Amino acid sequence: MAIEESLVDFLSSVPPWISTIFLAALPISELRGAIPLAIGVYGIEPFDAYVLAVIGNMLPVIPLLLFLEPVSNYLRRFKYMDMFFDWLFNRTRKNHTDRFEKFGILALTLFVAVPLPVTGAWTGCAAAFVFGIRFKWALPAIFLGVLIAGIIVTSLTVAGISIAGI
């Protein structure tokens, strides 16, 4: 509860555009949470909310793509972390190998583009790592997925607000 209150205090003390970028950069909310908040609560114009959320969602992507392997290799030195990574990677391979073998990079783009829980840029970076997709292919695939997800979320948010008459 204290963490939630701290986050709310932080977000209410900074300009709305910074809050939008910050929320879009977080692994839980990403742009799926940032765009509705920006448009519905902060009153930011839909196009501006979209651009801010895409920027925020892409901020962690390059560091994740570059450092996920070295960090996981370091953490694997510890028994419980090694067990966790084995579980995570095996589960990811089991659930998604067919799609990645069939569709390749397009699968990564579509995976990131679908605005559902446990999809998005953060998970896309993990999938790129697990499936050995090189940085030069993963970055544009994830970026395109983020752009598509942003269009979907922005459209749904605007339609929802219009239907609700807010």
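Results for (1) part of a helix (DSSP H, G or I); (2) outside the structural domain of LEU156 (by TED's automatic domain parsing); (3) touching a helix residue (DSSP H, G or I) at 6+ places or on another chain (Cβ under 7 Å); (4) closer than 23 Å to ALA138 by Cβ, shown as yes or no for each residue.
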residue: THR20; (1), (2), (3), (4): yes, no, yes, no
residue: PRO27; (1), (2), (3), (4): no, no, yes, yes
residue: LEU31; (1), (2), (3), (4): yes, no, yes, yes
residue: ILE39; (1), (2), (3), (4): yes, no, yes, no
residue: ILE44; (1), (2), (3), (4): no, no, yes, no
residue: ALA53; (1), (2), (3), (4): yes, no, yes, yes
residue: LEU68; (1), (2), (3), (4): yes, yes, yes, yes
residue: VAL71; (1), (2), (3), (4): yes, yes, no, yes
residue: ASP82; (1), (2), (3), (4): yes, yes, no, no
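Of all residues in region 141-166, those being farther than 15 Å from THR123 by Cα and assigned to a helix (DSSP H, G or I) number 17. Sub-7 Å Cβ pairs linking a first residue in region 95-110 that is assigned by TED's automatic domain parsing to the domain that holds ALA138 and part of a helix (DSSP H, G or I) to a second residue that is at pLDDT below 80 and not charged (D, E, K, R), at least 6 apart or interchain, are ALA107/PHE100, ordered by first then second residue.
What about PRO36, is it surrounded by 13 or more Cβ atoms within 10 Å (Cβ to Cβ), farther than 18 Å from LEU144 by Cβ and not acidic (Asp, Glu)? Yes; evaluated as a whole, the condition is true for this residue.
Counting residues in region 102-114 that are touching a Phe, Trp or Tyr at 6+ places or on another chain (Cβ under 8 Å), at pLDDT 95 or above and more than 30 Å from ILE161 (Cα to Cα) gives zero.
The values are calculated or read from the model by the stated rules, or taken from the named source; none is laboratory data. Quantities reported herein were computed from a predicted structural model and do not represent experimental measurements. Neighbour counts run over all protein chains shown; Cβ positions are idealised from the backbone, glycine included.
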